[in-house]
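*Asks:* If you scroll down you'll find the structure; I have some questions about it.
The values are calculated or read from the model by the stated rules, or taken from the named source; none is laboratory data. Remember, predicted model here, so these are calculated numbers, not experimental data. Cβ coordinates were reconstructed from backbone atoms using ideal geometry, including for glycine residues, and neighbour counts include every protein chain displayed.
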2 protein chains.
Amino acid sequence: MFESAEIDHHIDKQRYSAESEQLHQQLLAAQFNMLEAKQQGVLVVVAGVAAAGKGETVQLLNTWLDPRRVQTYAFGEPSEEERAHPPLWRYWRALPPRGEVSIFFDSWYMAPIMMRADGSLSEAEFDAALDDIRRFERMLSDEGFVLLKLWFHMSRAQQRKRLRELEANRDTRWRVSDADWEQQRRHREICDAAARALRLTSHEFAPWIVVPGSDERYRSLVTGRALLDAMVNEERAAVAEPAVHPVPPLDGRSILSQLDMSQQLEKDDYEPALLRWQGELARIVRHKRFRRHSAVVVFEGMDAAGKGGAIRRVVAALDPRHYRVTPVAAPSDEEKARPYLWRFWRHIPRRRMLAIFDRSWYGRVLVERVEGFCATADWLRAYGEINDFEEQLDEHGTVVIKLWLHIDLETQLARFASRQTDPSKQHKIGPDDWRNREKWPAYETAISDMVDRTSTQCAPWTVVEANDKNFARIKVLKTICERLRERLKID
Amino acid sequence: MFESAEIDHHIDKQRYSAESEQLHQQLLAAQFNMLEAKQQGVLVVVAGVAAAGKGETVQLLNTWLDPRRVQTYAFGEPSEEERAHPPLWRYWRALPPRGEVSIFFDSWYMAPIMMRADGSLSEAEFDAALDDIRRFERMLSDEGFVLLKLWFHMSRAQQRKRLRELEANRDTRWRVSDADWEQQRRHREICDAAARALRLTSHEFAPWIVVPGSDERYRSLVTGRALLDAMVNEERAAVAEPAVHPVPPLDGRSILSQLDMSQQLEKDDYEPALLRWQGELARIVRHKRFRRHSAVVVFEGMDAAGKGGAIRRVVAALDPRHYRVTPVAAPSDEEKARPYLWRFWRHIPRRRMLAIFDRSWYGRVLVERVEGFCATADWLRAYGEINDFEEQLDEHGTVVIKLWLHIDLETQLARFASRQTDPSKQHKIGPDDWRNREKWPAYETAISDMVDRTSTQCAPWTVVEANDKNFARIKVLKTICERLRERLKID
């Protein structure tokens with residue numbers, strides 16, 4: 001992997017001077033075009049061995065580009081707030097809007113590489129971590145980000161020489177730390193781990209580029225050219241229409257048609273059940289084990305299925321300091337400029353907190369699919385992206401609970417009619433709601449696919465028969481309690 | 001202050017049942033209207049003595065309102081990330097958009113009250129803290145937030161009785177902590193401090209309401225009615241035109257006309273000076289004292305004054321991991337829905353970081369004033385709000401450096417002309433730029449007022465004569481170095 005990078009490359013001053021001036025102009029023009037078009041962002045991932053010129057090169061890029069529109073993020077040890085969220089949260093948080101160039105120092109690569117080098121990750125664990133990275137980068141690429149991944153390399157001898165030079169100079173001595181010498185000592189292990197990481201995560205959508213670090217002018221030109229290449233990337237080809245589409249059920253039977261929609265609960269049974277399950281939920285979230293966990297509860301359902309009323313019965317059991325309800329409506333302009341999962345990552349709870357979503361990331365495979373707001377390829381890849389997302393939450397200790405509140409067409413009609421006559425509910429109904437009824441069969445197919453493709457072991461769907469509100473509310477509370485007990489292993 | 005609240009108030013069950021049902025309907029309707037109008041937000045500040053029913057009441061409000069559009073924030077001990085920013089940062093961060101109701105537990109009041117009660121704040125320090133709060137709330141009120149401040153009170157005897165009741169019940173025992181008994185012991189000191197706080201921060205725009213805590217039904221109705229009142233607040237009166245306006249200089253002389261615009265620096269002097277001051281800046285930000293500080297550098301100036309070029313020379317001296325450049329353009333929709341300073345608080349640096357603003361919060365008293373984008377009263381109050389903001393930064397250890405890059409009309413004309421002929425610069429010039437030239441005298445008045453009114457001891461303006469780019473760039477670097485040395489006390 002690093003053979004060519006250990007050759008003593010060299011560029012003379014004159015050639016550098018001419019080429020760098022030209023690069024500077026080209027980079028500025030490319031940056032301006034990107035900002036205007038807002039079509040794609042460039043993420044420059046900078047990693048490599050100690051003293052190979054990462055910092056200097058990034059500093060140079062900031063002078064070649066307009067530094068007002070480049071953000072550089074250094075990801076060192078995670079802060080307390082970052083540790084209270086899933087590991088990828090801090091990268092999501094820093095994600096720039098499309099149109100900008102951002103530089104991510106160390107990023108998601110350095111921690112696993114260093115942990116593999118010192119043996120604290122087994123090869124299997126390391127490969128699994130790299131596979132998570134691959135899926136994350138695939139999603140970024142599909143969402144309009146060009147990934148430019150640069151590994152700054154030096155041989156062990158070159159690195160030793162460089163560290164000694166830096167230490168000998170009064171102005172640069174501060175840049176050499178004990179950690180650098182420690183890396184020098186373990187150079188081979190680090191390079192072995194890095195070589196594996198680079199091989200397993202070099203894909204057509206995000207190849208690694210190895211930058212030889214020992215000659216300043218050489219590494220500057222290599223980096224500048226690679227960046228220019230990434231920035232003037234031709235207009236992305238229109239998303240191809242996939243060759244294979246999901247097949248809807250041919251006999252009209254779906255998981256929805258199998259539901260027993262007649263289930264109900266009389267008032268006399270409902271009220272004691274409500275108190276019982278609310279009390280149960282209150283006890284669970286106060287349990288000491290919940291302090292190290294958090295929960296995400298997703299409410300989805302047909303219009304007028306009773307999501308709001310069910311949410312009210314859930315939060316009545318909770319201390320308002322420990323939950324947050326996020327109603328999901330149209331995205332803001334800041335949200336539109338980023339991958340679609342970004343706006344949900346913003347509301348991921350820290351430990352001890354419960355986040356309730358009234359509609360969610362499933363909009364992509366429901367309304368966006370049915371209404372044609374995104375390409376088929378986009379909602380098809382969303383199933384996998386959503387599964388990854390929920391798995392990351394689960395691995396961090398966030399219990400993911402997903403509820404589909406289902407009603408039939410007749411019940412919806414009756415509820416719409418009562419909304420129109422009740423002045424306090426008229427605001428809940430509009431022309432869109434009536435129009436959506438015509439697409440009922442298309443929604444049924446989408447729901448069925450959603451449940452099939454995203455009901456995972458760590459985040460299964462629960463379909464709630466909601467023609468009877470009392471029945472639905474109790475089933476919702478019971479499901480939440482049981483899922484929490486199960487994942488938190490509370491008897 | 002608390003006399004009436006210690007009476008044994010009581011509401012019977014029947015009356016409560018009727019009134020609370022009506023309140024529930026009215027609150028829902030008011031909430032819906034607020035969300036539609038997006039004109040004002042309601043911030044409910046909840047504070048009070050231990051066990052006086054704060055938590056239960058907030059929980060009740062969350063069932064009376066649609067909980068999907070109420071956010072409750074509990075502000076306990078600040079996190080590590082919060083401590084790395086000025087104290088008000090965490091409240092700014094949580095600030096909801098206009099149209100919503102938010103509940104701030106404890107908020108900015110409990111810390112100073114408890115510190116005064118245990119003697120760790122002197123009376124003078126306490127009063128100063130309250131005065132900061134008053135100005136902050138004044139700004140929130142002017143920006144469209146209704147502040148509903150509720151103090152939940154109980155006498156010492158009532159509190160003791162309540163704590164014992166809670167402890168006696170298996171289901172509520174968890175709610176009584178050692179801290180509560182400690183508060184019981186120091187009840188008098190806490191109430192003395194609170195009474196002073198409530199008196200000094202009760203203003204027509206944000207009066208305190210004392211809620212008697214001992215009877216659950218009584219305190220629920222009081223809270224519900226007060227909240228309804230706050231939410232149905234009539235359309236805010238149009239901002240009154242102030243009676244007194246600043247007087248522009250009558251003889252045409254201003255700080256700008258006094259500048260020696262002929263100053264320049266030859267290339268032979270410029271290049272060594274650039275290296276010298278860049279090296280100086282690099283050393284200062286690496287100084288161990290800067291680790292506990294941060295810096296904000298504001299660049300303002302006429303169009304084509306050379307802000308971009310000057311910023312490039314500054315950042316060339318810095319490690320990109322330690323600075324961030326924020327170009328200020330039109331606000332996003334999320335930003336428009338909040339007080340105008342919110343979008344700058346988002347970019348306030350944590351310790352060790354340097355934040356560079358290319359244009360800034362001064363837009364309010366420059367372009368917004370001159371173009372009439374806001375009412376006179378709005379830009380007039382902005383001077384004080386900006387001074388408060390910068391003082392908060394300074395007190396936290398953030399060095400505030402403000403640079404006005406000034407050119408004269410002829411120089412601007414020459415630069416505009418060269419932009420139009422150079423293809424790589426054409427994007428930098430548009431019809432707005434030409435139009436703005438006609439308003440030059442109005443801008444000169446606005447700049448002059450800005451410097452007069454916001455050049456404070458902790459955050460003075462430096463006016464940079466920028467007809468000659470070399471001269472300006474060196475003066476910029478020198479000013480930044482000298483201000484940092486002075487505030488950080490580095491020799």
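*Asks:* Determine which member of the set B:Pro87, B:Pro112, B:Pro67 is modelled with pLDDT under 90 and either under 23 Å from the mean Cα position of the chain (by Cα) or among the aromatic types (Phe, Trp, Tyr) (or both). Spell out the reasoning first.
*Replies:* Numbers: B:Pro112 fails: modelled with pLDDT under 90; B:Pro67 fails: either under 23 Å from the mean Cα position of the chain (by Cα) or among the aromatic types (Phe, Trp, Tyr) (or both).
Every option except B:Pro87 fails the conditions.
*Asks:* Output the residues belonging to segment B:290-311 that are of a type in the set (Phe, Trp, Tyr) and in a helix (DSSP H, G or I).
*Replies:* First, pick out the residues of segment B:290-311 that are of a type in the set (Phe, Trp, Tyr): B:290, B:299.
Residue satisfying the conditions is B:Phe290 alone.
*Asks:* List the number of the failed condition for B:Glu19; all other conditions in (1) surrounded by 19 or more Cβ atoms within 10 Å (Cβ to Cβ); (2) in a helix (DSSP H, G or I); (3) more than 12 Å from chain A (Cβ to nearest Cβ) hold.
*Replies:* The single condition B:Glu19 does not satisfy is (1).
*Asks:* Same structure again: Might you check whether a residue that is more than 9 Å from every other protein chain (Cβ to nearest Cβ), over 17 Å from B:Leu484 (Cα atoms) and touching a residue at least 24 places away in the same chain (Cβ under 8 Å) occurs anywhere in segment B:280-298?
*Replies:* No.
*Asks:* Got at least one residue in segment A:132-146 being closer than 21 Å to A:Ser107 by Cβ, within 21 Å of the chain's Cα centre (by Cα) and among the hydroxyl-bearing types (Ser, Thr, Tyr)?
*Replies:* If we filter segment A:132-146 for residues that are closer than 21 Å to A:Ser107 by Cβ, which is where we start, we get A:132-146.
Narrowing the set further to residues that are within 21 Å of the chain's Cα centre (by Cα) leaves A:132-146.
From the residues that got through so far, the ones that are among the hydroxyl-bearing types (Ser, Thr, Tyr) too are A:141.
Within segment A:132-146, one or more residues are closer than 21 Å to A:Ser107 by Cβ, within 21 Å of the chain's Cα centre (by Cα) and among the hydroxyl-bearing types (Ser, Thr, Tyr).
*Asks:* Go over the candidates A:Glu189, A:Glu100 one by one and state the one that is out of contact with any strand residue (DSSP E or B) (no Cβ under 9 Å at 6 or more places or on another chain) and not polar (S, T, N, Q).
*Replies:* That would be A:Glu189, the only listed residue that is out of contact with any strand residue (DSSP E or B) (no Cβ under 9 Å at 6 or more places or on another chain) and not polar (S, T, N, Q).
*Asks:* Can you tell me how many residues in segment A:31-44 are away from chain B (no Cβ under 14 Å) and surrounded by fewer than 22 Cβ atoms within 10 Å (Cβ to Cβ)? Please lay out each step first, then the result.
*Replies:* Let us first name the residues in segment A:31-44 that are away from chain B (no Cβ under 14 Å), namely A:39-43.
From the residues that got through so far, the ones that are surrounded by fewer than 22 Cβ atoms within 10 Å (Cβ to Cβ) too are A:39-40.
Total meeting the criteria: 2.
*Asks:* Now for a different question. Kindly indicate whether any position in segment B:415-424 is closer than 28 Å to B:Pro349 by Cα and more than 24 Å from the chain's Cα centre (by Cα).
*Replies:* No - not one qualifying residue is present in segment B:415-424.
*Asks:* Can you say whether B:Thr57 is part of a helix (DSSP H, G or I), surrounded by fewer than 19 Cβ atoms within 10 Å (Cβ to Cβ) and on the phi < 0 side of the Ramachandran plot, as far as the supplied structure shows?
*Replies:* no
*Asks:* For A:Gly372, indicate whether it is modelled with pLDDT of 90 or more, outside any loop (DSSP other than H, G, I, E, B) and either surrounded by 21 or more Cβ atoms within 10 Å (Cβ to Cβ) or in the same structural domain as A:Leu281 (by TED's automatic domain parsing) (or both).
*Replies:* no
*Asks:* Hey, another quick one. From the list A:Glu80, A:Glu36, A:Glu21, A:Glu56, exactly one residue is over 29 Å from B:Asp358 (Cα atoms) and not assigned by TED's automatic domain parsing to the domain that holds A:Val296. Which is it?
*Replies:* Working: A:Glu36 fails: over 29 Å from B:Asp358 (Cα atoms); A:Glu21 fails: over 29 Å from B:Asp358 (Cα atoms); A:Glu56 fails: over 29 Å from B:Asp358 (Cα atoms).
None of the other options fit; the residue is A:Glu80.
*Asks:* Just to be sure I understand, how many residues within segment B:312-332 are more than 7 Å from chain A (Cβ to nearest Cβ) and not in a helix (DSSP H, G or I)?
*Replies:* Here is the first cut: in segment B:312-332, the ones more than 7 Å from chain A (Cβ to nearest Cβ) are B:313-314, B:317-318, B:322-323, B:326, B:328-331.
With not in a helix (DSSP H, G or I) added as a condition, the list becomes B:317-318, B:323, B:326, B:328-331.
Final tally of qualifying residues: 8.
*Asks:* Can you confirm whether B:Val399 is surrounded by 15 or more Cβ atoms within 10 Å (Cβ to Cβ) and either among the hydroxyl-bearing types (Ser, Thr, Tyr) or assigned to a strand (DSSP E or B) (or both)?
*Replies:* Answer is yes for this residue.
Each row is one residue, and each column tells you yes or no for (1) within 14 Å of chain B (Cβ to nearest Cβ); (2) touching a residue at least 40 places away in the same chain (Cβ under 8 Å).
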position: A:Leu341; (1), (2): no, yes
position: A:Ser360; (1), (2): yes, yes
position: A:Cys374; (1), (2): no, no
position: A:Glu385; (1), (2): no, yes
position: A:His396; (1), (2): no, yes
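*Asks:* Would you be able to say whether some residue in segment A:362-374 is over 18 Å from the mean Cα position of the chain (by Cα) and within 29 Å of A:Arg83 (Cβ to Cβ)?
*Replies:* Scanning segment A:362-374, I find no residue that is over 18 Å from the mean Cα position of the chain (by Cα) and within 29 Å of A:Arg83 (Cβ to Cβ), so the answer is no.
*Asks:* Here is a follow-up. May I ask you to say which residue of B:Gln25, B:Gln59 is within 24 Å of B:Asp215 (Cα to Cα), within 31 Å of the chain's Cα centre (by Cα) and within 9 Å of another protein chain (Cβ to nearest Cβ)?
*Replies:* B:Gln59 is the lone residue from the list that is within 24 Å of B:Asp215 (Cα to Cα), within 31 Å of the chain's Cα centre (by Cα) and within 9 Å of another protein chain (Cβ to nearest Cβ).
*Asks:* Being in a helix (DSSP H, G or I) and either of a type in the set (Asp, Glu) or in contact (Cβ under 8 Å) with a residue 12 or more places away in the chain (or both) is true for just one of A:Arg164, A:Arg160. Which residue is that?
*Replies:* Exactly one residue qualifies, and that residue is A:Arg160.
*Asks:* If you take the residues of segment B:464-491 that are of a type in the set (A, V, I, L, M) and surrounded by fewer than 20 Cβ atoms within 10 Å (Cβ to Cβ), which of them is nearest to B:Leu405 (Cα to Cα)?
*Replies:* Only one residue tops the list, namely B:Leu488.
*Asks:* Scan segment A:457-491 residue by residue and report those that are of a type in the set (Asp, Glu) and in contact (Cβ under 8 Å) with a residue 24 or more places away in the chain.
*Replies:* Of segment A:457-491, the ones of a type in the set (Asp, Glu) are A:465, A:468, A:482, A:486, A:491.
Hits for segment A:457-491 are A:Glu465, A:Asp468.
*Asks:* Going through B:Tyr73, B:Tyr16 one at a time, which residue ends up being on the phi < 0 side of the Ramachandran plot, at pLDDT 90 or above and more than 19 Å from the chain's Cα centre (by Cα)? Let's see the steps before the verdict.
*Replies:* Values: B:Tyr73 fails: more than 19 Å from the chain's Cα centre (by Cα).
From the options B:Tyr73, B:Tyr16, the qualifying one is B:Tyr16.
*Asks:* Of everything in segment B:101-137, what is over 15 Å from B:Trp208 (Cβ atoms) and among the charged types (D, E, K, R)? Give them in sequence order.
*Replies:* B:Arg116, B:Asp118, B:Glu123, B:Glu125, B:Asp127, B:Asp131, B:Asp132, B:Arg135
*Asks:* Run down A:Pro78, A:Pro97 and say which single residue is outside any helix (DSSP H, G or I), surrounded by fewer than 19 Cβ atoms within 10 Å (Cβ to Cβ) and within 10 Å of another protein chain (Cβ to nearest Cβ). Write out each step before concluding.
*Replies:* Working: A:Pro78 fails: within 10 Å of another protein chain (Cβ to nearest Cβ).
Every option except A:Pro97 fails the conditions.
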